[in-house]
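This report refers to the structure that appears directly beneath it.
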Ligand SMILES: Cc1cc2nc3c(=O)[nH]c(=O)nc-3n(C[C@H](O)[C@H](O)[C@H](O)COP(=O)(O)OP(=O)(O)OC[C@H]3O[C@@H](n4cnc5c(N)ncnc54)[C@H](O)[C@@H]3O)c2cc1C
């Protein structure tokens, strides 16, 4: 079959690899000049930065992808476990290191929160239990047809903690504010608020701490490069600077795509463009009724991110590879982001220092700091044109006060990426970075499926589709889409 894929983000690349490995004739149209989408790389004056993801979880999903394309994860990429997985800085100068080695972490907890030592192990067992009950039902299941829904055991809903919020459950299990903040943070991995998202998302600590959180040697962008090379070697055609303007349909079935004013005939179209953009902008009204477009545009996006890349000519011994500087008042931070839709005035700041694992990412005695602050998705409440430079200076000053003494004096390279960039460059809905939010109990059911209902031959992949955002789930969306192609197109 002749397949057109819109977008060379991780979802589009993974789908291309799978379909071209099955001998389909696959062409990818990417509006940017290179692959990766939100997973990207920035290089300047001897500094190299990943501009998007910095942590890989659930590598078994990537391994499944590679195996279905005749290779393995181990052959393609070198995964590096980190010790500690992450270092946490609290505002009273307390520092907590989380390791994948349970005993080492418990030693840390004994020092900062002895009252919660037992609760830590109990919580990770509870998180594992949620994983066991949800993974097959909600991640590896396309949830498309009646036969998929039949696999859901409705009784199991009572065992996955869907009726309380992440925050309520965490507060009920831990006494110490240190561990409460620590466990609430994982909800941000899919761009949601721990004060709104169902406690089912407490599965994420299991995924990172029990299953392992990894760095990819050379940087996370190596994954995008590896998928590009694999797809090319299997015969996929790439067109860059090629924006798809319309998906063409006839009598409810795909016939092709329009790019650069040319129609490219296609038996199947897979859109890796944000689902809201695909439904509201790429499909005409005779293919999708206005009411469906309206509904798609009301799905709440995940949060976005404010990224500051700093190349500096010194090292900070205080920093590990991954670091979190916590806010004083976490609830207020999420109210700023999701309710007021403004940048938090006392944010939690994430700092990745990959030059610690990859010395070639910075000149000798230098460091490449990737700094990320959770940000609201785009709205009229906050103007990045007016605020980006001053917010960057505010973050630099905050980090100077927290641990990175005199940081501003060492800056050699400075680059700012705002939610507006995520919208302008990659067409992410309102600049969101993890697709749709999980700020309600029903979010898993409203996320667009990997086969579009109403237009035959149209499939959707990526973080804005089922099962959600983040690298492993995006790759799973591609695996789900290809499974549905097998089911409906052969
Ligand atoms: C700052 C940041 C930090 C993150 N941290 C992590 C992390 O640590 N771990 C993790 O797992 N995930 C993380 N994520 C999330 C992860 O990056 C995303 O979930 C994932 O990369 C999204 O992939 P995607 O396939 O949905 O598409 P995208 O990356 O959105 O790519 C879509 C592609 O389609 C192209 N496109 C769109 N419309 C068109 C069109 N009409 N024509 C042609 N091309 C088009 C775009 O240009 C883009 O290249 C992070 C994201 C960001 C931004």
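The values are calculated or read from the model by the stated rules, or taken from the named source; none is laboratory data. Computed from a predicted model, the values in this text were never measured in an experiment. So basically every Cβ, Gly included, is an ideal-geometry build from the backbone, and we count neighbours across all protein chains shown.
Considering only the range 375-408, state which residues are in contact with a helix residue (DSSP H, G or I) (Cβ under 8 Å, 6 or more places away or on another chain), more than 17 Å from residue 309 (Cβ to Cβ) and in contact (Cβ under 8 Å) with a residue 40 or more places away in the chain. The answer is 376, 377, 378, 379, 381. Exactly one of these conditions fails for residue 21: (1) farther than 26 Å from residue 372 by Cβ; (2) near the ligand (Cβ under 7 Å from one of its atoms). Give me its number. Every condition holds for residue 21 apart from (2).
Only one of the numbered conditions (1) within 13 Å of the ligand (Cβ to nearest atom); (2) on the phi > 0 side of the Ramachandran plot; (3) not assigned by TED's automatic domain parsing to the domain that holds residue 276 is not met by residue 417, and that is (2). Restricting attention to the range 156-197 and to residues that are outside any helix (DSSP H, G or I) and either within 16 Å of the ligand (Cβ to nearest atom) or under 18 Å from the mean Cα position of the chain (by Cα) (or both), the residue that is nearest to residue 441 (Cα to Cα) turns out to be 197. Scanning the range 122-155 for residues being loosely packed, with under 14 Cβ neighbours inside 10 Å, touching a residue at least 12 places away in the same chain (Cβ under 8 Å) and part of a helix (DSSP H, G or I) gives a total of 2.
Quickly run through the range 420-443 and pick out the residues that are away from the ligand (no atom under 16 Å from the Cβ) and in contact (Cβ under 8 Å) with a residue 40 or more places away in the chain.
Listed by number, the residues that qualify are 439, 440, 441.
The residue list 287, 224, 231, 320 contains one member that is touching a strand residue (DSSP E or B) at 6+ places or on another chain (Cβ under 9 Å), in a loop (DSSP other than H, G, I, E, B) and modelled with pLDDT of 95 or more, which is 320.
Restricting attention to the range 80-96, the residues being surrounded by fewer than 18 Cβ atoms within 10 Å (Cβ to Cβ) and in contact with a helix residue (DSSP H, G or I) (Cβ under 7 Å, 6 or more places away or on another chain) number 1.
Go through the range 7-56 and tell me which strands (runs of 3 or more DSSP E), entirely inside it, have 2 or more residues that are touching a residue at least 24 places away in the same chain (Cβ under 8 Å), out of contact with any helix residue (DSSP H, G or I) (no Cβ under 6 Å at 6 or more places or on another chain) and under 14 Å from residue 242 (Cβ atoms).
Because the criterion is at least 2 residues that are touching a residue at least 24 places away in the same chain (Cβ under 8 Å), out of contact with any helix residue (DSSP H, G or I) (no Cβ under 6 Å at 6 or more places or on another chain) and under 14 Å from residue 242 (Cβ atoms), the strands (runs of 3 or more DSSP E) in the range 7-56 that meet it are 25-29.
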